[in-house]
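Data block below; observations after.
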Amino acid sequence: MPKKTSKAKLKIIAKKNRRSKTNLPNIKLLIGGIITLFILIALGFYFFVNTYQTFSANFADNVLRPILGNKITINIEALFFGVEDHVNKVRYSIVKSNPSDFTQNFKPANESLYYSPGFSLKKISYFSYFPYFPGEGEWNQMYNSTSGALMAKTFVRPDPERSYAVTYLVKLNMNNLSLSAVAGKVEPRGYQNPGPGKIPLDVQKSGTLVAAFNGGFQQKDGHYGMIVNGKTYLPLQKNLATLIISNDGKPQIINYTGQDLGKNVTIVRQNGPLLLENSKDVTSSNEWNMQTWGLTTTNSMYTWRSGIGVTQDGNLIYAAGPSLVPQTLALALKAAGAVNAMQLDINPVWVRFIIFNLNKTGSYNHYSLTKDMIDGGSQYLTGYQKDFFYLTTK
């Protein structure tokens, strides 16, 4: 027969049960407090990064990456941009999109008035996912000169699931413009082989400066090659998208496989695999599965991205916008007429397109393409850490 439990033992068991029941609400409160604290910290981090974007970007590059390494830093960025994309999805599912948030007062150009041979401003009618915004897909003249149309801008929305994924497009008339490049004071090679980091003073004084825009990734992001005026900052690598500028021809974007680029080449810049090749979207190709920065994990990050494409007639298309992945960036460039295209830099602080206007004093006023872009004009004129391109009139 089983032994009977004594009254004393029963009292002890009952006492323990009472304690357990009493502690249960306290444990729930503790867990709830920890979760609330975590949410508050996450929200605080989110708003801090959005408020102090330049500081946050430099902190991630110069502090986190050397300490934590590329992989962990990429995952942190992927988490942040994932949260941001979910916030935008909720926001725009509740609040109706305001066209003025995106259109930047775009006014369509009169194509016949600004016509220049080989520089078509035909409206883009490629996307129809959302209700039409004023100016969407219609080119707007940006710069006038005696030589005719130089630049035109518009915007499209290439993502059927994101009405806020606006891609701003700038079409560059390479009959009338020259493209040059500047290696940054630090990138792409690092401190051991710095570039000038600024637009040459003789160019600034000439009054021919029109615009400038961001280059590609840093050295530690993939060692993508760069050559400027015969100086190699980083050697070229095979099977990468490569922008080529020659002093006797129009720009080219090719898949570099080691071919001879010729003696007249002045600028070469690589930055990952091609986005478009012969008008075909190749962002799902094997090259985009490589374990390098800007690929793999970051392929799925909806963030600010930029790219450059070349049209059939040799003009350039610059594209940039928020909440993009390589595929939607490629689709926007293709819609604008690019046949070959490559990605440039990504993330909000590093994506920038600056317009310069010469004032009466001989100096330049400058402003960014959109109100959401950082105006890096003064840095391009005085000294910048990363490489970039600039445009002058011929």
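Within region 180-194, how many residues turn out to be without any contact (Cβ under 8 Å) to a residue 12 or more places away in the chain and surrounded by 15 or more Cβ atoms within 10 Å (Cβ to Cβ)?
1
Kindly provide the set of residues from region 233-243 that are more than 19 Å from the chain's Cα centre (by Cα) and either among the aliphatic types (A, V, I, L, M) or more than 17 Å from Lys185 (Cβ to Cβ) (or both), ordered by number.
Start the filter on region 233-243 by keeping residues that are more than 19 Å from the chain's Cα centre (by Cα), which leaves 233-239.
Leu234, Pro235, Leu236, Gln237, Lys238, Asn239 - these are the residues of region 233-243 that are more than 19 Å from the chain's Cα centre (by Cα) and either among the aliphatic types (A, V, I, L, M) or more than 17 Å from Lys185 (Cβ to Cβ) (or both).
Quick one: would you say Gly307 is modelled with pLDDT of 95 or more and in contact with a Phe, Trp or Tyr (Cβ under 8 Å, 6 or more places away or on another chain)?
yes
Given the structure, is Arg305 under 17 Å from Val182 (Cβ atoms) and under 17 Å from the mean Cα position of the chain (by Cα)?
no
Report, by residue number, each residue of region 217-232 that is closer than 23 Å to Asn347 by Cα and either without any contact (Cβ under 8 Å) to a residue 60 or more places away in the chain or of a type in the set (A, V, I, L, M) (or both).
Across region 217-232, the qualifying residues are Gln219, His223, Tyr224, Gly225, Met226.
Quick one: how many residues across region 317-352 are part of a strand (DSSP E or B), crowded, with 24+ Cβ neighbours inside 10 Å and hydrophobic (A, V, I, L, M, F, W, C)?
8
Only one residue in Gln385, Gln312, Gln379 is surrounded by fewer than 24 Cβ atoms within 10 Å (Cβ to Cβ) and either among the hydroxyl-bearing types (Ser, Thr, Tyr) or within 18 Å of Ala211 (Cβ to Cβ) (or both), so which one is that?
One residue alone meets the criteria, Gln379.
Give the number of residues within region 353-376 that are more than 17 Å from the chain's Cα centre (by Cα) and either closer than 20 Å to Arg269 by Cα or outside any loop (DSSP other than H, G, I, E, B) (or both).
Step one: of region 353-376, the residues more than 17 Å from the chain's Cα centre (by Cα) are 355-367.
Checking which are either closer than 20 Å to Arg269 by Cα or outside any loop (DSSP other than H, G, I, E, B) (or both) leaves us with 355-358, 364-367.
The qualifying residues number 8.
Output the residues belonging to region 189-212 that are out of contact with any strand residue (DSSP E or B) (no Cβ under 7 Å at 6 or more places or on another chain) and part of a loop (DSSP other than H, G, I, E, B).
Result: Gly190, Tyr191, Gln192, Pro194, Pro200.
Go through region 254-276 and give me each residue that's closer than 24 Å to Ser300 by Cβ and either crowded, with 19+ Cβ neighbours inside 10 Å or free of Cβ contacts under 8 Å to residues at least 12 places away in the same chain (or both).
Gln270, Asn271, Gly272, Pro273, Leu274, Leu275, Leu276
The values are calculated or read from the model by the stated rules, or taken from the named source; none is laboratory data. None of these values were measured; they are calculated from a predicted model. No Cβ is skipped: glycine too gets one built from the backbone with ideal geometry, and neighbour counts run over all protein chains shown.
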